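The values are calculated or read from the model by the stated rules, or taken from the named source; none is laboratory data. No experiment lies behind these values; they were computed from the predicted model shown. In this analysis, Cβ positions are derived from the backbone assuming ideal geometry, glycine residues included, and neighbour counts consider all displayed protein chains. Just the protein is used for accessible areas: all its heavy atoms, side chains included, with ligands, DNA and RNA removed. Shrake-Rupley method; radii C 1.70, N 1.55, O 1.52, S 1.80 Å.
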Amino acid sequence: MRPGARGAGAIAVAAALLTAGLSAASAAGAEPGVASSAGTEQSGPVFNNPLGTAAEQNAIRTRILTYVGSAPANSSVKVALYHLWDRQVAQALADARQRGVDVQMVLDESTVSSRPSDASYGILRDALGTDTTQGSFVTLCPAGRSCLGRPEFGASINHNKFWLFSQVAGAADVVLQTSSNMSPSAYSAFWNDAYVVAGNSGIYHAYSGYFSALVGKDWENWRYTSSSWSPYKAYFFPYYPGTGNSTDTIWNTLDNVTCTYVQDGATRHTKVRVAMFKSPGRVSPTS
C-alpha cells in the first residue's frame with residue numbers, strides 16, 4: 001500500500017497472493033485442512049459463492065457465527081471491520097457478551113454514518129458499551145480516517161477485516177482473516193475469502209497487539225511491522241515507505257519468487273495467481 005492509499009489494515013502476502021491477510025511461509029501451511037495443535041478445529045481457507053445456494057453465499061458468515069456461538073465464558077472475541085450491517089451477527093456478539101465473553105470491536109466510522117438507520121451498531125453499542133478501558137466495547141475510528149491513518153496523506157479507511165478468538169469449540173488462539181464485510185451484499189454480490197489459522201499462538205498474539213494499536217488510535221507513534229510464526233507471516237498496515245521498489249512489501253515478496261523451478265527432474269515455470277478488487281496504476285510484467 002502506497003502513501004495516500006485509502007485503506008489501512010492487516011495484510012500478508014503469499015507467493016500465490018491467495019488470501020487477504022496471511023502469508024504462508026511454506027506450501028504445507030497453505031493447504032486446506034491443516035490440523036490445529038489446540039484441538040479439532042483446522043486451519044485453512046473458506047470461500048463464499050455469491051452465485052450459489054444460501055449456504056454457499058453465507059459460508060464465511062456461518063463460520064464466524066459458529067465461532068462466536070461456541071466462544072465460552074471468560075474467553076475473548078476481538079474484531080476489526082470496515083462495515084458491519086448484519087443484525088444477526090451483531091446480536092450473536094451481544095449474546096456472547098451476555099454469557100461472559102469479552103467482546104471488543106473496532107469499526108470504520110462509516111459503518112454508522114453511511115447507514116444511520118441500520119440497527120447493527122446500536123445493538124453492539126447497547127450490549128458492549130463504548131468505553132475501551134472495559135473488557136467489552138465497540139469503538140469507531142475517526143471520521144474520514146483509519147484508526148492509524150496519518151492526516152497528511154488525506155482520507156483513509158479502516159479496511160481491516162479480521163476476527164480473533166481466544167477459544168472456540170475445538171481450538172484456541174484462532175485468527176480468521178477475511179476479505180468479507182458483514183453485510184448482505186458481501187454474501188450475495190461479492191466473491192470473498194477467509195483464511196483460518198487455529199492454534200498458532202504467535203500469529204494470534206501478533207494480531208492481538210495490532211488490534212490494541214487500532215483501539216489506541218495512536219497514529220503518531222504507529223510503526224509498520226510484521227511478524228513471522230511458521231508457517232505464516234503477517235504484515236500490519238498502514239505502511240509509509242520510502243522511494244523505490246526496494247521498500248515496497250508486495251514487490252519484495254514477489255521478488256522472492258523464482259521464474260522457474262525443478263520438479264521431478266523437469267524445469268517448470270512458476271505461476272502467480274492474483275485475486276483482488278482493483279490495482280490502481282500500472283502493473284509491470286516480470287520474467
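Rounded is the label for the range 64-222. Its Cα gyration tensor axes, ordered a ≥ b ≥ c, give a/c under 1.5. Computed over the alpha-carbon atoms, the range 196-274 gives an Rg to Rh ratio of 1.09, Rh here being the Kirkwood radius from the mean inverse distance.
So how far, in whole Å, is the C-alpha centre of the range 78-123 from the one of the range 206-230? For the range 78-123 versus the range 206-230, the Cα centre distance is 22 Å. FRET efficiency for the pair R87 and A275, taken as 1/(1 + (r/R0)^6) with r the Cβ-Cβ distance and R0 = 25 Å, rounds to 0.25. Dipole magnitude for the range 151-280: about 260 debye, using +1 per Lys or Arg Cβ and -1 per Asp or Glu Cβ, origin at the Cα centre.
Averaged over its residues, the range 173-226 has an accessible area of 37 Å² per residue, based on protein heavy atoms and a 1.4 Å probe. Heavy atoms only, probe 1.4 Å: what % of the accessible area of the range 130-287 goes to carbon and sulfur, would you let me know? Percent of accessible area from carbon and sulfur atoms in the range 130-287: 52. With the whole protein complex present, L254 retains an accessible surface near 70 Å², based on a 1.4 Å probe.
When peptides 255-265, 226-236 are ranked by their average number of other Cβ atoms within 10 Å per residue, the highest-first order is 226-236, 255-265.
Each peptide in 174-182, 129-137, 96-104 receives the mean, over its residues, of other Cβ atoms within 10 Å, and ordering these scores from highest gives 174-182, 96-104, 129-137.
For the range 72-156, the share of alpha carbon pairs falling in successive 10 Å distance bins from zero is 19, 49, 25, 7, 0 percent. Net length available on complete extension from T225 to F153 is 24.0 nm, with 0.36 nm assigned per residue and the Cα-Cα distance removed.
Using only Cα coordinates, the Kirkwood hydrodynamic radius of the range 81-129 works out to 10.8 Å. Computed over protein heavy atoms with a 1.4 angstrom probe, the accessible surface ordering of H83, H269, H159, H205, largest first, is H269, H205, H159, H83. Amide H contacts of K161 (H built 1.01 Å from N, in plane; Pro and chain starts excluded): A10, T178 sit under 5 Å, all sequence-distant by 5 or more or on other chains.
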